[in-house]
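K.L.:
Following this message is one structure expressed as structure tokens.
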Amino acid sequence: MERLGRWSSGRGPLYVLLATRMRTLIDDGELPPGSRLPPDRVLASALAVGRTTVVAAYDQLAVEGRIVRRQGSGTRVAGAASAQSRTTTETPMFLHLLEQQDGVIMQGCAAPDRPPPELVEAYTNILPLLADTVGDIGYYPMGHIVLRRAIAERYERRGVPTTPDEVLVTSGGQQALSLLSRALLSPGDRVLVEAPTFPGALEAFREEGAVPRGLPVGLAGFTNAVAEHRPVLAYVVATFHNPTGAVLPALQRRRLAETARENDITLIDDEVLADLGFPGEPTPPPLVAYDDHVITVGSLSKVIWGGLRIGWVRAPARVVARLARLRAVSDLGGNIPAQLAAADLVSHLAVPQRRSAVDRRAQYEHLRAELARHLPDWQVPTVPGGQTLWVRLPHGDGTSFAQTALRHGVAVLPGTGLDAEGGSTDHIRLHFVAPPDQLTETVRRMATAWHAYDHQPDHVPSMPTMAI
């Protein structure tokens, strides 16, 4: 079902919109010949539509010869099954980014919606350096030394001795996770993750054929899970967890790092959100402060701007060297002007960080107030920072509600897509990084959607996700 993306946000009858999106998936090879499609009732429940909508869409595709429907053998894409090509992403977060903007309010991916003045100033500052550059072809698979040095010095200021050889610059945090997955994982490897967690990490691990196993937030029960699953890797968002906003206490950080080291398990601490505390909210030292073998992922996407595709990995030098060899094959290195500007920013993050904290706190309080006013039955826990709320619905399931919300102009992430175990069915993730008027409109549309969802006569309380 995830592959359908924002299928219902266009104009026209729902069955026509559904048939149109499925036709595209079939023609593009995303639904290859022989693929089994969900039964009418199952797909209708998951999409929060009437069964007649699905039947009409299937009938239209059958008339076109794109699918075959046979009594007793179900519905399949027309044509003989063959060796399938590798599928592309089914994660809603990525699919929403691939869609054209069409009046739908995007709740799938959070980041500042405009570059701050410090970014413009940083580019202005580097112009003389670019003008004077000679004898430099600009290919740096490990990243430009100026930025690697600036990142290393930032770790030093946080009490973590670091050399530039222990820093790899990437095109954002997502590329960092993808490179680490390629370098460290093999098909069948077990990876311990929090449930829920960042869906981009789950996608990166699964791309390499690894098997994520979920533990409660903070990787509670880590010691027993190590004995049971024998993982090669563990992944945690210890500071302003995505999506719950939780912060792992210092004592638990120490125990987690020590247990990983004792069992020879690579531990990745995703710190992309670590700079997003609300004003006056203290945070413990990073996990790497307790064990130098912990791998840290960072980025400027959340505190500066998503369009500045600058991230990094802080890891032992031998790991960084391997990552650089892998990266060289894919893109030879990143954008050097962006890296030089980033080096200027990394050294002066305090001002944009303070401004971001004040703005996000106001946005957070505004969204919670609007939710309390219009959707009082929803459970909306408080958070000390970050950019997301992990909202529990009073009944129903996040997957089918997300479909209803989409038809009312809001794209939200259902909880199952963030849970390696397929749980969190009664949750959705919302972000508050948006202007107050947009947050108000978001809640208005969701409240309308919830009223429609709450009154569906054939509502099914909980439905599994499907990979259509």
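The values are calculated or read from the model by the stated rules, or taken from the named source; none is laboratory data. What you see is a predicted model; the values in this text were computed from it and never measured. In this analysis, Cβ positions are derived from the backbone assuming ideal geometry, glycine residues included, and neighbour counts consider all displayed protein chains. Areas reflect the complete protein model, heavy atoms only, side chains present, ligands, DNA and RNA absent. Shrake-Rupley method; radii C 1.70, N 1.55, O 1.52, S 1.80 Å.
K.L.:
Residues of the stretch 304-324 being farther than 21 Å from Thr162 by Cβ and either open to solvent by 10 Å² or more (accessible area, probe 1.4 Å) or among the hydroxyl-bearing types (Ser, Thr, Tyr) (or both), which ones? Can you show your working first?
P.N.:
Filtering the stretch 304-324 for residues farther than 21 Å from Thr162 by Cβ gives 305-309.
Within the stretch 304-324, Trp305, Gly306, Gly307, Arg309 meet the criteria.
K.L.:
When the stretch 383-406 is examined, which residues are found to be open to solvent by 10 Å² or more (accessible area, probe 1.4 Å), touching a Gly at 6+ places or on another chain (Cβ under 8 Å) and under 21 Å from Glu441 (Cα atoms)?
P.N.:
Trp390
This table checks each residue for (1) on the phi > 0 side of the Ramachandran plot; (2) touching a strand residue (DSSP E or B) at 6+ places or on another chain (Cβ under 7 Å).
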| site | (1), (2) |
| --- | --- |
| Arg261 | no, no |
| Asp270 | no, yes |
| Asp275 | no, no |
| Gly280 | yes, no |
| Ala289 | no, no |
| Asp292 | no, no |
| Val303 | no, no |
| Ala317 | no, no |
| Asn335 | no, no |
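K.L.:
Please list, ordered by residue number, the strands (runs of 3 or more DSSP E) wholly in the stretch 160-229 having 3 or more residues that are more than 26 Å from Met142 (Cα to Cα). Full working, then the answer.
P.N.:
Working: elements: 167-170, 190-194, 211-215.
Answer list for the stretch 160-229: 190-194, 211-215.
K.L.:
If you go through the stretch 157-185, how many residues are closer than 29 Å to Glu228 by Cβ and without any contact (Cβ under 8 Å) to a residue 40 or more places away in the chain?
P.N.:
Going through the stretch 157-185 one residue at a time, the tally reaches 2.
K.L.:
Filter the stretch 21-30 down to the residues that are aliphatic (A, V, I, L, M) and within 13 Å of Tyr58 (Cβ to Cβ), then identify the one that is surrounded by the fewest Cβ atoms within 10 Å (Cβ to Cβ).
P.N.:
Looking at the filtered set, the residue picked out is Ile26.
K.L.:
Need the failing condition index for Ala234 against (1) at pLDDT 95 or above; (2) in contact with a Pro (Cβ under 9 Å, 6 or more places away or on another chain), just the number.
P.N.:
With (1) at pLDDT 95 or above; (2) in contact with a Pro (Cβ under 9 Å, 6 or more places away or on another chain) applied to Ala234, the lone miss is (2).
K.L.:
When the residues of the stretch 167-190 are narrowed to those that are open to solvent by less than 30 Å² (accessible area, probe 1.4 Å) and over 17 Å from the mean Cα position of the chain (by Cα), which ends up nearest to Leu233 (Cα to Cα)?
P.N.:
Only one residue tops the list, namely Leu185.
K.L.:
Of all strands (runs of 3 or more DSSP E) completely enclosed by the stretch 248-365, which ones contain at least 2 residues that are closer than 26 Å to Glu121 by Cβ, touching a residue at least 40 places away in the same chain (Cβ under 8 Å) and under 23 Å from the mean Cα position of the chain (by Cα)? Spell out the reasoning first.
P.N.:
Values: elements: 266-270, 295-299, 311-314.
Strands (runs of 3 or more DSSP E) meeting the threshold: 295-299, 311-314.
K.L.:
Ala150 is checked against (1) of a type in the set (A, V, I, L, M, F, W, C); (2) closer than 20 Å to Leu340 by Cα; (3) touching a residue at least 40 places away in the same chain (Cβ under 8 Å); (4) in a loop (DSSP other than H, G, I, E, B) and fails just one. What number does that condition carry?
P.N.:
(4) is the only condition that Ala150 fails.
Let's see how each residue does on (1) touching a strand residue (DSSP E or B) at 6+ places or on another chain (Cβ under 9 Å); (2) within 26 Å of Ala110 (Cα to Cα); (3) open to solvent by 10 Å² or more (accessible area, probe 1.4 Å):
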residue: Gly159; (1), (2), (3): no, no, yes
residue: Glu194; (1), (2), (3): yes, yes, no
residue: Arg206; (1), (2), (3): yes, yes, yes
residue: Val226; (1), (2), (3): yes, no, yes
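K.L.:
Continuing with this model, one more query. Those residues that are part of a helix (DSSP H, G or I), in contact with a helix residue (DSSP H, G or I) (Cβ under 8 Å, 6 or more places away or on another chain) and either open to solvent by 60 Å² or more (accessible area, probe 1.4 Å) or at pLDDT below 90 (or both), I need them from the stretch 407-462; list them, please.
P.N.:
Arg407, Pro436, Arg444 - these are the residues of the stretch 407-462 that are part of a helix (DSSP H, G or I), in contact with a helix residue (DSSP H, G or I) (Cβ under 8 Å, 6 or more places away or on another chain) and either open to solvent by 60 Å² or more (accessible area, probe 1.4 Å) or at pLDDT below 90 (or both).
K.L.:
Let me ask you something else. Among the residues that make up the stretch 229-240, is at least one of them open to solvent by 10 Å² or more (accessible area, probe 1.4 Å) and within 30 Å of Glu121 (Cα to Cα)?
P.N.:
No, because not a single residue in the stretch 229-240 is open to solvent by 10 Å² or more (accessible area, probe 1.4 Å) and within 30 Å of Glu121 (Cα to Cα).
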